[in-house]
Amino acid sequence: MPDMNHPTALPACCTPLDAHWPLPFVLPETVLLSTHFDSTLLAHNDFERSAVAPPASIQRSVAKRQAEFLAGRVCARAALQQLEGLDFIPAIGEDRAPVWPAHISGSITHSTGRAAAIVANKAHWRGLGMDLENILNPERAERLAGEILTAAELKRMAAGRREDLALLVTLTFSVKESLFKALYPIVQQRFYFEHAEVLEWSERGEVRLRLLTDLSSEWRNGSQLDAQFAVMDGQLLSLVSVAA
């Protein structure tokens, strides 16, 4: 356990952790921390220095993957510390998802140069899914739209403003990733982009989602959930939260 008088050092590749809440609606009883990281600044002893043991798959990987893993785990550990005084670093599970303490729901995300983690006690939030994406450029968004969007979503997008296309495809991708991260630990069932749809969204950062498949007796085809998102520095952060 880290000595509280000598807290674990931050890796050289990460900026000090930021507790600013970047999304439009603050979730009570959660802790969200983020950091900026630069893989070119990853020092050979960064894992040791920050007391994070790298799994074998990470030890074998390139600097970018090592830096994003480290940045995400440093955020997660500090968030758990702040939430409940826990000293815990989520391992990578067999399904590639982080393994949290049994009474904790949490999510880790990273994209170019930024990582974040959110945690809560399951007594308050049963599921949390957070995803950070670089906003697609319009050409790529157009190419990917058919893979990410359902027929109904494509139709709604075609009726919207042309200049919203890149944002909307990025948002749909991100919010479905967040949905998976929030629900998978609850339903223990894999599902994919075509199994949910974005019904509506607002510039304020509100999103309404609907399931298009049965995942459990509780989470059935037609179930609706709320999500939220924010855009910052060319990246989009989305969050799906399932209340207790």
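Laboratory data are not the source of any read-out in this text; all were calculated from the coordinates shown. In this text the structure is predicted, and so the values were computed from the model without any measurement. Note that we place each Cβ from the backbone using ideal geometry, even for glycine, and neighbour counts take in every protein chain shown.
Structure notes:
- Charging the Cβ of each Asp and Glu at -1 and of each Lys and Arg at +1, and nothing else, the dipole of the range 30-123 about its Cα centre rounds to 160 debye.
- Of the residues 228, 199, 217, the one whose Cα sits farthest toward the positive end of the charge dipole of the range 190-242, with +1 on the Cβ of Lys and Arg and -1 on the Cβ of Asp and Glu, is 217.
- Label-to-label distance, nm, for residues given as residue 53 and residue 26 (7 Å Cα→Cβ offset): 3.8 nm
- Once both labels are positioned 7 Å from their Cα atoms along Cα-to-Cβ, the gap between residue 210 and residue 62 label points is 4.1 nm.
- Loop chymotrypsin sites (Phe, Trp or Tyr not before Pro), the range 167-212, which have at most 10 other Cβ atoms in a 10 Å radius of their Cβ (DSSP): 192
- Per-residue extension of 0.36 nm, minus the Cα-Cα distance of residue 87 and residue 162, leaves a gain of 22.2 nm for this segment.
- Dipole-positive endmost among 67, 83, 99 within the range 30-123 (Cβ charges, Cα centre): 67
- Computing Rg and Dmax of the Cα atoms in Å directly from the structure and comparing it against (i) 18.1, 58; (ii) 17.6, 53; (iii) 19.5, 73 singles out (i).
- Label-reachable residues, the range 183-225, where backbone N falls under 14 Å from a point 7 Å from residue 154's Cα toward its Cβ: 194
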